[in-house]
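Below is one structure; the comments refer to it alone.
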Amino acid sequence: MSSLIFLGITLVALFYGISLYNHLVNLKHAVAKAWANIDVLLKQRHDELPKLVEVCKQYKEFEQSTLQKVIEARSRVQSARESQDIGALGQAEGMLRMGLGNIFAVAEAYPELKANENFMQLQTRITGLENGIADRRELYNESVNIYNVGIEQFPAVLIANMFRYEAKPLLEFSSAEKADVDMKQLFK
């Protein structure tokens with residue numbers, strides 16, 4: 001009789017362990033899926049930025065330093081995206097968003113550029129992608145938070161440690177991206 005009770009308890013513990021493991025696998029894949037969704041939008045925006053820069057370059061007097069900052073930031077975002085370095089991506093994203101904001105703000109001083117149909121389409125497309133990236137970042141951070149909490153809770157932490165589940169970093173914004181835009185500086 002006692003061996004049947006022991007066998008029953010062992011089977012319940014085994015099924016509970018399997019259930020916890022499967023739950024952790026689901027959480028891990030939710031984080032990967034959320035990252036893949038961000039990655040798709042980052043790639044699309046990466047492909048659109050050279051077109052925007054090229055349209056702006058057609059206006060000889062357009063600020064080259066502003067364009068150069070966007071080109072450099074685009075390169076940093078691409079590098080961080082490819083290496084999946086979330087910390088570097090957050091910083092590079094901040095630089096890129098500031099650069100794009102500067103391009104759109106400086107474009108106000110160029111009526112011909114603002115009226116250019118290609119520029120307007122690219123501005124709308126990139127703004128839409130930016131909004132999509134912001135939405136996907138929120139989903140990614142929520143998935144990471146659920147995953148990180150899940151691997152730290154007892155008794156799942158035992159299984160997480162056994163299978164070397166490690167905490168994932170949140171996609172955080174740089175302090176520059178959180179700061180208010182200095183409009184006077186943009187139009188100097």
Look through the range 158-174, keep the residues that are under 25 Å from residue 138 (Cα atoms) and of a type in the set (A, V, I, L, M), and return whichever of them is modelled with the lowest pLDDT.
-> 171
Residues of the range 105-161 that turn out to be aliphatic (A, V, I, L, M), in contact with an Asp or Glu (Cβ under 9 Å, 6 or more places away or on another chain) and closer than 21 Å to residue 74 by Cβ, as a count | 5
Count of the range 153-165 residues which are assigned to a helix (DSSP H, G or I) and surrounded by fewer than 13 Cβ atoms within 10 Å (Cβ to Cβ) | 3
Specify which of the listed residues (121, 91) is among the polar types (S, T, N, Q), modelled with pLDDT under 95, within 13 Å of the chain's Cα centre (by Cα) and in a helix (DSSP H, G or I).
-> 91
Does the range 166-175 contain at least one residue that is part of a loop (DSSP other than H, G, I, E, B), basic (Lys, Arg) and under 15 Å from residue 21 (Cα atoms)?
-> no
Selection count where residues are buried (at least 18 other Cβ atoms within 10 Å of the Cβ) and touching an Asp or Glu at 6+ places or on another chain (Cβ under 8 Å), scope the range 41-79 | 2
Within the range 112-136, considering residues that are of a type outside the set (S, T, N, Q) and surrounded by 18 or more Cβ atoms within 10 Å (Cβ to Cβ), the one farthest from residue 172 (Cα to Cα) = 113
Residue within the range 63-75 that is farther than 18 Å from residue 37 by Cα and not in a helix (DSSP H, G or I) present = yes
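Results for (1) in a helix (DSSP H, G or I); (2) at pLDDT below 95; (3) over 16 Å from the mean Cα position of the chain (by Cα); (4) polar (S, T, N, Q), shown as yes or no for each residue.
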position	(1), (2), (3), (4)
22	yes, no, yes, yes
41	yes, yes, no, no
54	yes, yes, yes, no
60	no, yes, yes, no
Just give me the residues in the range 130-169 being farther than 18 Å from residue 35 by Cα and basic (Lys, Arg), in sequence order.
-> 164
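The values are calculated or read from the model by the stated rules, or taken from the named source; none is laboratory data. All of these numbers come straight from a predicted model, not from anything done at the bench. Note that each Cβ is placed from the backbone with ideal geometry, even for glycine, and that neighbours are counted across all protein chains shown.
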